[in-house]
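Scroll down for the structure; my scribbles are underneath it.
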Amino acid sequence: MGSIAEKPANGFTYNHYLTWPEDERWEIINGEAYSMTPAPSIKHQEVSLFLSTLFAQFFKGKGCRTFCAPTDVVFDEQNVVQPDLLVVCDRSKITESNIKGAPDLIVEIISPSTAVKDKREKKALYERFGVREYLIVYPAEELVERFELADGRYGSEDVFAWEETFPLAVFPELRVSLREASDHQALVQNAVEA
C-alpha cells in the first residue's frame with residue numbers, strides 16, 4: 001500500500017488521510033485506501049482541460065463553481081475522493097480545504113488503472129450520497145456514459161459517442177461534444193508545429 005500505515009480494523013478515515021504524504025494522491029472509499037498513481041495519460045488530461053474550461057465558462061455568473069483534481073470531496077469520515085471534475089452549486093459545501101458533501105455533477109475520466117473503481121465503487125458511492133449527475137468518460141473508446149439520479153438511484157446509463165453532442169442531464173442548456181476536445185488539441189498542436 002505504499003507509504004501509508006497499516007489499515008485499522010474499522011478502516012481508514014479522513015483523519016488518517018490528512019497525515020499521508022502530500023506528494024502522493026489517495027482516495028478512501030468505504031474505509032479502503034486507493035492509490036491515484038500513475039499519472040493520467042495525455043488524452044485524459046486534454047479531455048479534462050477541455051471540460052474544465054467549458055464548465056468554468058458556462059457556470060460563470062450562474063452561482064455554481066467548477067473544480068478539477070486534485071480537489072478533496074469529503075462525503076463522510078470514510079469516504080474521501082478526488083474526482084477529475086466536479087460542479088458545486090451549494091456554496092455552503094465549499095470550504096477552504098475541501099468540498100463537504102455531494103457535488104451536483106461529477107466527471108471521472110477513465111484510466112486503465114481506475115476503470116473498475118470508477119465504474120463500480122465510485123458509482124455506488126456517488127449514488128448513495130446523492131450526486132445528481134455522474135459522467136464517466138472513456139478516452140480510449142471515445143464514448144461517455146451518463147447517469148442521472150432519480151428517486152435516490154441511478155437508472156440505466158445513457159451512452160454517447162465522441163462525435164455526438166449531448167446535453168447534461170441536470171444542466172440541459174449546456175451541450176457537450178468531446179470531438180471538440182480532440183479538435184481543440186489538434187489546433188494547438190498545429191500552432192505549436194507552425
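The values are calculated or read from the model by the stated rules, or taken from the named source; none is laboratory data. Keep in mind the model is a prediction, meaning the values are calculated, not measured. Ideal geometry is used to build each Cβ from the backbone, glycine not excepted, and the neighbour counts take in all protein chains shown.
Here are a few things to note about the model shown:
- Residues of region 89-108 satisfying the condition of being in a strand (DSSP E or B) and either under 12 Å from the mean Cα position of the chain (by Cα) or more than 22 Å from Gln78 (Cβ to Cβ) (or both): Leu105, Ile106, Val107, Glu108
- Selection over region 57-75 of residues that are under 23 Å from Arg128 (Cβ atoms) and touching a Cys at 6+ places or on another chain (Cβ under 7 Å) gives a count of 1.
- Considering region 113-143, and only residues there that are buried (at least 22 other Cβ atoms within 10 Å of the Cβ) and in contact (Cβ under 8 Å) with a residue 40 or more places away in the chain, the residue that is farthest from Val80 (Cα to Cα) turns out to be Pro139.
- Members of region 40-74 found to be part of a loop (DSSP other than H, G, I, E, B) and of a type outside the set (A, V, I, L, M, F, W, C), listed by number: Pro40, Ser41, Lys60, Gly61, Lys62, Gly63, Pro70, Thr71, Asp72
- Taking (1) outside any loop (DSSP other than H, G, I, E, B); (2) surrounded by fewer than 18 Cβ atoms within 10 Å (Cβ to Cβ); (3) at pLDDT below 95 in turn, Asp23 satisfies each apart from (1).
- Looking across region 144-157 at every residue that is outside any loop (DSSP other than H, G, I, E, B) and in contact (Cβ under 8 Å) with a residue 24 or more places away in the chain, the one that is surrounded by the fewest Cβ atoms within 10 Å (Cβ to Cβ) is identified as Arg153.
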